[in-house]
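J.: The structure that follows is given in the form of structure tokens.
The values are calculated or read from the model by the stated rules, or taken from the named source; none is laboratory data. Nothing here was measured: the structure is a model prediction, and the numbers come from that model. Quick reminder, even Gly has a Cβ in these numbers, built from the backbone with ideal geometry, and neighbours come from all protein chains shown. Calculation scope for accessible area: heavy atoms of the full protein, side chains included, ligands and nucleic acids excluded. Shrake-Rupley method; radii C 1.70, N 1.55, O 1.52, S 1.80 Å.
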Amino acid sequence: MRHPFIAGTAVLALTLAASAGQARTVGFSTDTCDHDYSTPYDVDVTSAGLFFHRTGGVPAKVFLHDGALRVDGKDVAVSRADAEVLRRYEDGVRKLVPQVAEIAREGIQMGFSAMTSVTLTFADGDQRANMLEKLKRKQAQALREIDEGIGAGHWSSNRMTETVAGSVTDSIGELVGSVTSSAVTAALSGDSTKVAALQARAESLDKTMDREMDKRSHALEAKAKTICPRLNELAELQRGWKVRLDNGKPLELMTIKPKHDHDSDHDEDHDSDREDKKVASF
């Protein structure tokens, strides 16, 4: 009887913290997106214009502002119509980036809120105080990294991944270890009162957290869905411009892929995607 209780308590903590802290932080609903969208570039949004750059692939650098375009350091002549489309594209990116930053912040806050609730429920004494202090410090660091990155107009998928992996994911691992330790201690003590009390905490947390996180996750998903119309519009603008590179290929700042194509892609295509893309999908 003891082992199912130990495992169940740990799984409860992991599920509650991970669902709020990991999946909700970086996962955007794509229900209202026409396709899956990605970009092989890191992007800097500044008052001087948009700067797309990457370490592999051609072109390596693309700069656009107010209808003017520069590719790998060379000015590219564009038609009056394309200049207008590029202006609209720049405006769309400028509006999109703050939305992504806001969602990232709220996802981080929701994840750490869940972990704080788990800590308050299962940890006691000095362990509780230490873990709460660590969570507070890691949350502040994660939010600071978001503010200095996407919040300041600098989009990098690698940096976003490191922010989540270095804060939320690590915290979840430490938290689950603590919860498991508490459950093991209670179970091995042979004190049925302690076991019952810990189990009651878990059941109470389950009900409370389910209501709270469900409410917050729905609100976050609603915000995430507002991103898709902007992505759809950017995709249409890219399809519409006639800008061509020196090799005759169209300029592509974002990759547009039908959702049902994932399983039918060849392995070679997947290898290329993994090498070039900075963002798996939105």
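J.: ³J(HN,Hα) across the range 72-88 via Karplus (A = 6.51, B = -1.76, C = 1.60, θ = phi - 60°), whole Hz, x for Gly/Pro?
T.: 6, x, 10, 5, 10, 6, 10, 6, 4, 5, 5, 4, 5, 5, 5, 4, 5
J.: Between K95 and A140, with labels modelled 7 Å along Cα→Cβ, what's the label distance in nm to one decimal, could you check?
T.: In this crude spin-label approximation the distance works out to 3.7 nm.
J.: Which length gain, in nm to one decimal place, applies between L120 and D246 when the Cα-Cα distance is subtracted from 0.36 nm times their residue separation?
T.: 39.3 nm
J.: Using a Förster distance of 41 angstrom, determine the FRET efficiency expected from the C-beta separation of E233 and N130, and round it to 0.05.
T.: Values: r = 48 Å, r/R0 = 1.17.
It comes out at approximately 0.30.
J.: Something else about it: First measure r as the distance between the Cβ atoms of H53 and K215, then evaluate 1/(1 + (r/R0)^6) with R0 = 30 Å and state the FRET efficiency to the nearest 0.05.
T.: It comes out at approximately 0.15.
J.: Take the cross-link list K223/K257; K134/K259; K223/K259; K95/K134 and give me the ones stretching past 30 Å between alpha-carbons.
T.: Over 30 Å apart, Cα to Cα: K134/K259; K95/K134.
J.: Okay, next question. Report the net charge of residues surrounding Q99, where surrounding means a beta-carbon distance below 12 angstrom and charges are Lys +1, Arg +1, Asp -1, Glu -1. Please list the in-between numbers first.
T.: Working: positive: R94, K95, R105, K223, K225, R230; negative: E102, E106.
Summing Lys/Arg as +1 and Asp/Glu as -1 gives +4.
J.: Ordering S79, S171 by how much accessible area each has at a 1.4 Å probe, largest first, what is the list?
T.: I get S79, S171, largest accessible area first.
J.: May I ask you to order 55-61, 217-223 by the average number of other C-beta atoms within 10 Å around their residues, highest value first?
T.: 217-223, 55-61
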